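The values are calculated or read from the model by the stated rules, or taken from the named source; none is laboratory data. None of the values given here were measured: they were computed from a predicted structure. We place every Cβ from the backbone using ideal geometry, glycine too, and count neighbours over all the protein chains shown. Side chains included, ligands, DNA and RNA excluded: accessible areas come from the protein's heavy atoms. Shrake-Rupley method; radii C 1.70, N 1.55, O 1.52, S 1.80 Å.
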Amino acid sequence: MDQFIIHGGHRLTGRLAIKGSKNAALPLMAAALLTDEPLILQDVADLADIRNMARLLAELGCTVEQTDHATTITNQDESRSHARYDIVKTMRASICALGPMLAKRGFARVSMPGGCAIGDRPVDLHLRGLEALGAQIQLHEGDIVARVPGARGGGGRLRGSRVFLGGPFGSTVLGTANVMSAATLAEGVTVIECAACEPEVVDLANLLIAMGARIEGAGSPRITIVGVDSLGGATHRVIPDRIEAGTYMCAVAITNGDVTLDNCPIDCLSAVLNVLDRVGVHVAVEAGPASDPMRMTARITSSRNLRGVELTTQPHPGFPTDLQAQTMALLSLADGNSVITERIYPERFLHVAELGRMGARITRIGSTAIVSGVRKLVGAPVMASDLRASACLILAGLAAEGTTTVSRVYHLDRGYEQMEVRLRSLGAHIERISEKPSPAAVVESGV
Ligand code: EPU
């Protein structure tokens with residue numbers, strides 16, 4: 001397993017282009033299961049989770065060809081419809097194969113994802129949504145086994161319906177992706193109420209529409225889908241990664257830096273920009289070459305006179321849970337107290353104790369963390385527990401006095417392409433070294 005060694009205290013300066021979104025690309029790739037024609041995706045980042053999704057689709061009978069410019073996925077052998085535990089345990093997002101496979105093949109078997117480091121992660125809303133479309137679902141030997149009655153030779157299809165996707169923590173992003181994808185091939189009209197409004201859902205809807213689906217309202221809590229008989233292939237460019245953009249914004253701010261981000265999805269970062277503004281980080285936005293609000297240019301500067309703030313994670317357009325940990329690293333160096341409340345994953349605080357090893361003063365009370373700003377962080381050996389916690393510890397290491405060693409960075413490689421190379425290009429002193437594998441090392445599921 002690899003580690004990062006970071007010598008802190010160097011300002012980040014320069015220019016960086018944001019990569020394609022991981023959380024958009026995963027359900028987009030799964031949409032290839034809805035058609036017999038090739039799906040061509042551009043701007044797919046080179047990430048461990050993307051490689052896992054490609055491996056899963058290959059097991060499910062697709063060919064996947066990757067070049068520097070595009071990923072082409074063609075659904076070819078519909079006899080292999082079992083997403084096995086071996087793959088699902090490495091990546092919870094494997095669940096997004098369920099809806100497309102069920103709608104197109106009439107049958108799907110997907111290993112039930114377990115919990116992970118950021119908490120319990122049920123899929124009850126996905127299953128209730130697909131049942132509302134007429135699927136019969138059973139649990140068998142740890143697998144979700146889903147069938148469309150009368151399909152497989154009998155001509156049976158899913159049936160359009162009214163589906164409510166609200167749960168105790170709001171809607172579900174991948175659940176909305178699953179039900180929306182499945183409904184594209186259902187007979188009749190589906191209305192999803194309490195749909196997730198995340199930009200990744202909008203990107204999926206745009207791809208499905210390009211494939212011939214009839215969808216209205218994506219990005220709002222009510223999505224209407226009129227089922228069609230079949231979908232074709234399409235070419236689609238993945239939206240830039242709003243979480244990668246927010247992470248680099250925090251990295252620039254914590255090092256008192258000056259960096260320009262290109263291909264930056266400003267249009268979906270309002271809550272993040274609002275928090276950064278209140279903290280005292282300056283973000284100057286210019287139109288990008290395409291004048292597309294999702295692909296802007298933003299210059300981030302910070303004078304390190306940071307102020308504490310209160311923030312609560314919420315479904316989009318609220319502040320994203322996937323930036324909570326990175327923002328906590330930043331706020332650990334702000335003046336005064338900050339209050340961070342986690343409303344999506346109440347247990348997503350494993351980074352708190354590791355930040356404490358670096359001198360941060362953070363008290364956790366239930367799903368709230370109170371961060372009392374300190375003057376400096378000090379380097380220490382720390383351990384990453386999940387993808388975003390890894391990014392948080394790296395940010396802390398960039399600002400800390402002395403040397404920080406972050407172990408288990410395989411978590412980071414799931415969602416950030418070559419982060420150490422990109423940070424080095426901005427002036428960070430960070431290197432990757434290979435640790436001896438430990439027998440206890442298990443690649444558990446995270447996102
Ligand atoms: N939930 C339920 N029942 C369900 C599904 C979800 O109660 O059937 C709960 C969850 O436990 C959670 C909340 O609803 O409390 C939201 O979960 P959601 O289903 O929206 O999460 P997800 O779709 O599994 C995606 C991202 C996560 C991101 C969340 C929330 C992908 C591959 N993953 O997960 O990304 O945190 O939405 O925005 O898109 C990450 O990238 O680090 C990551 C964890």
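Taking the conditions (1) open to solvent by 10 Å² or more (accessible area, probe 1.4 Å); (2) in contact (Cβ under 8 Å) with a residue 12 or more places away in the chain; (3) of a type outside the set (Lys, Arg); (4) assigned to a strand (DSSP E or B) in turn, Gly114 satisfies each one other than (4).
Return a yes/no flag: does the range 392-405 have any residue that is at pLDDT 95 or above, more than 21 Å from Phe4 (Cβ to Cβ) and out of contact with any Ser or Thr (no Cβ under 9 Å at 6 or more places or on another chain). Taking every residue of the range 392-405 in turn, none turns out to be at pLDDT 95 or above, more than 21 Å from Phe4 (Cβ to Cβ) and out of contact with any Ser or Thr (no Cβ under 9 Å at 6 or more places or on another chain). Keeping to the range 146-177, report how many residues are under 27 Å from the mean Cα position of the chain (by Cα), open to solvent by less than 10 Å² (accessible area, probe 1.4 Å) and either more than 9 Å from the ligand (Cβ to nearest atom) or not assigned by TED's automatic domain parsing to the domain that holds Glu216 (or both). Matching residues across the range 146-177 total 2. When the range 117-162 is limited to residues that are in a loop (DSSP other than H, G, I, E, B) and under 22 Å from Leu387 (Cβ atoms), the one that is modelled with the highest pLDDT turns out to be Val123. Of the set (1) hydroxyl-bearing (Ser, Thr, Tyr); (2) within 27 Å of Pro265 (Cβ to Cβ); (3) in the same structural domain as Leu158 (by TED's automatic domain parsing), all apply to Thr13 but (3).
Considering the range 178-219, and only residues there that are part of a strand (DSSP E or B) and either open to solvent by less than 10 Å² (accessible area, probe 1.4 Å) or within 13 Å of the ligand (Cβ to nearest atom) (or both), the residue that is nearest to Ser161 (Cα to Cα) turns out to be Thr190.
With the range 236-345 as the region, which strands (runs of 3 or more DSSP E) entirely inside it contain at least 2 residues that are open to solvent by less than 10 Å² (accessible area, probe 1.4 Å) and in contact with a Leu (Cβ under 9 Å, 6 or more places away or on another chain)? Of the strands (runs of 3 or more DSSP E) lying wholly inside the range 236-345, those with at least 2 residues that are open to solvent by less than 10 Å² (accessible area, probe 1.4 Å) and in contact with a Leu (Cβ under 9 Å, 6 or more places away or on another chain) span 258-264, 296-302, 337-341. Looking at this structure, is His351 more than 19 Å from Ala399 (Cβ to Cβ), of a type outside the set (A, V, I, L, M, F, W, C) and within 14 Å of the ligand (Cβ to nearest atom)? The answer is no for His351. Does any residue of the range 425-440 turn out to be modelled with pLDDT under 95 and either touching a Cys at 6+ places or on another chain (Cβ under 6 Å) or closer than 20 Å to Met328 by Cβ (or both)? Scanning the range 425-440 turns up no residue that is modelled with pLDDT under 95 and either touching a Cys at 6+ places or on another chain (Cβ under 6 Å) or closer than 20 Å to Met328 by Cβ (or both).
Condition test on Glu78, is it assigned to a loop (DSSP other than H, G, I, E, B), out of contact with any helix residue (DSSP H, G or I) (no Cβ under 7 Å at 6 or more places or on another chain) and touching a residue at least 24 places away in the same chain (Cβ under 8 Å)? Talk me through it step by step, then tell me what you get.
Numbers: assigned to a loop (DSSP other than H, G, I, E, B): yes; out of contact with any helix residue (DSSP H, G or I) (no Cβ under 7 Å at 6 or more places or on another chain): no; touching a residue at least 24 places away in the same chain (Cβ under 8 Å): yes.
Answer is no for this residue.
The number of residues in the range 65-82 being crowded, with 19+ Cβ neighbours inside 10 Å and at pLDDT 95 or above comes to 3.
When Leu47, Leu60 are checked against the criterion of being within 14 Å of the chain's Cα centre (by Cα) and open to solvent by less than 10 Å² (accessible area, probe 1.4 Å), a single residue qualifies: Leu47. Of the numbered criteria (1) in a loop (DSSP other than H, G, I, E, B); (2) away from the ligand (no atom under 15 Å from the Cβ), the one Met101 fails is (1). Consider Ile50 carefully, then state whether it is at negative phi and in contact with a Leu (Cβ under 7 Å, 6 or more places away or on another chain). Considered against the rule, which asks whether it is at negative phi and in contact with a Leu (Cβ under 7 Å, 6 or more places away or on another chain), Ile50 comes out as no. Within the range 315-339, residues that are within 19 Å of Ala389 (Cβ to Cβ) reach partners that are within 16 Å of the ligand (Cβ to nearest atom) and part of a loop (DSSP other than H, G, I, E, B) with beta carbons closer than 8 Å, at six or more positions or on different chains, in the pairs Thr321/Glu342; Thr321/Arg343; Thr321/Ile344; Thr321/Tyr345; Thr321/Arg348; Gln324/Glu342; Gln324/Arg348; Ala325/Arg348.
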